[in-house]
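Visitor: Before anything else, here's the structure in question.
Just so it is clear, none of the values below were taken in a lab; they were calculated from the coordinates. Since the model is a prediction, treat every value here as computed from it, not as a measurement. Cβ placement follows ideal geometry from the backbone for every residue including glycine, while neighbour counts extend to all protein chains displayed.
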Amino acid sequence: MNLITAFKKYLKDASLPMTGEREKLISLIDEVDHHFTVEELLRIAQRKKIDVSRATVYRTIQILLNAGLITKIIKEDQSAIYETIYNKEHHSHMFCLSCGKIIEFSSNEIEEALKKISKSKDFSYAMHTLKVYGKCSSCAKKSDN
């Protein structure tokens, strides 16, 4: 099942309508292969001549969040970015404090450590979010000079 099909199923199960605007927007989100903001989605929609209102974008984003199809990431500056997580491997993020670059990574060692720590604390581990802040290699080189 792809993102669009999963979204339609969620809407049906939640007795919510699939409007033309929502369908265009979810297709657009499915095409975006990177982290995105609401403003970026609006710019892409405008560039592609897709008529979608700001209100629909915000409402649809909230529905996608509720459905567990996308996730919201709060950056260091408290701004929100989103990414599609449906049918994707769990990963964490490194944020460059200089240029804003986002680097995704996965670590079995971190996953195992969290499970071990949770077990030692008699805690039922379900998931985690890890955000690492620093400088990417390009920005680190610039500050070394």
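Visitor: Rounded to the nearest 0.05, what FRET efficiency is calculated for Met1 and Asp122 with R0 set to 35 Å and r the Cβ-Cβ distance?
Guide: Once the sixth-power term is evaluated, E becomes 0.45.
Visitor: Using the Karplus curve 6.51 cos²θ - 1.76 cosθ + 1.60 with θ = phi - 60°, work out ³J(HN,Hα) for each residue of the stretch 99-114 in order, rounded to whole Hz, and write x for Gly and Pro.
Guide: With the stated coefficients, the stretch 99-114 comes to 9, x, 4, 10, 10, 8, 8, 10, 8, 5, 4, 5, 4, 5, 4, 5 Hz.
Visitor: Given a Förster distance of 22 Å, report the FRET efficiency between Arg59 and His90 from their Cβ-Cβ distance, rounded to the nearest 0.05.
Guide: Plugging the Cβ-Cβ distance into 1/(1 + (r/R0)^6) gives 0.25.
Visitor: Sticking with this structure for a sec: Specify the angular offset, from 0 to 90 degrees and rounded to the nearest 10, of the alpha carbon long axis of helix 54-67 from the longest principal axis of the alpha carbons in the chain.
Guide: Tilt relative to the chain: about 60 degrees.
Visitor: How many percent of DSSP beta bridges within the chain run antiparallel, rounded to 5?
Guide: 70 percent
Visitor: If the convex hull of the alpha-carbon atoms of the chain is projected onto planes in all directions, what is the mean projected area in square nanometres?
Guide: 11.6 nm²
Visitor: Could you name the lysines in cross-link range of Lys49, using Cα to Cα under 25 Å and dropping any fewer than eight places away on the same chain?
Guide: Once the sequence-local lysines are set aside, what remains near Lys49 is Lys8, Lys24.
Visitor: Let me ask something else. Taking the simple approach of a point 7 Å from Cα along Cα-to-Cβ for both Ile102 and Asn66, what is their distance in nm?
Guide: Spacing of the two 7 Å Cα→Cβ label points: 2.3 nm.
Visitor: Note the full-extension length gain between Lys8 and Ile110 as 0.36 nm times their separation in residues minus their Cα-Cα distance, in nm to one decimal.
Guide: The span from Lys8 to Ile110 would gain 33.3 nm if fully extended.
Visitor: Continuing with this model, one more query. Of all DSSP beta bridges located in the stretch 89-145, what percent are antiparallel, nearest 5?
Guide: So the antiparallel bridges amount to about 50 percent of the total.
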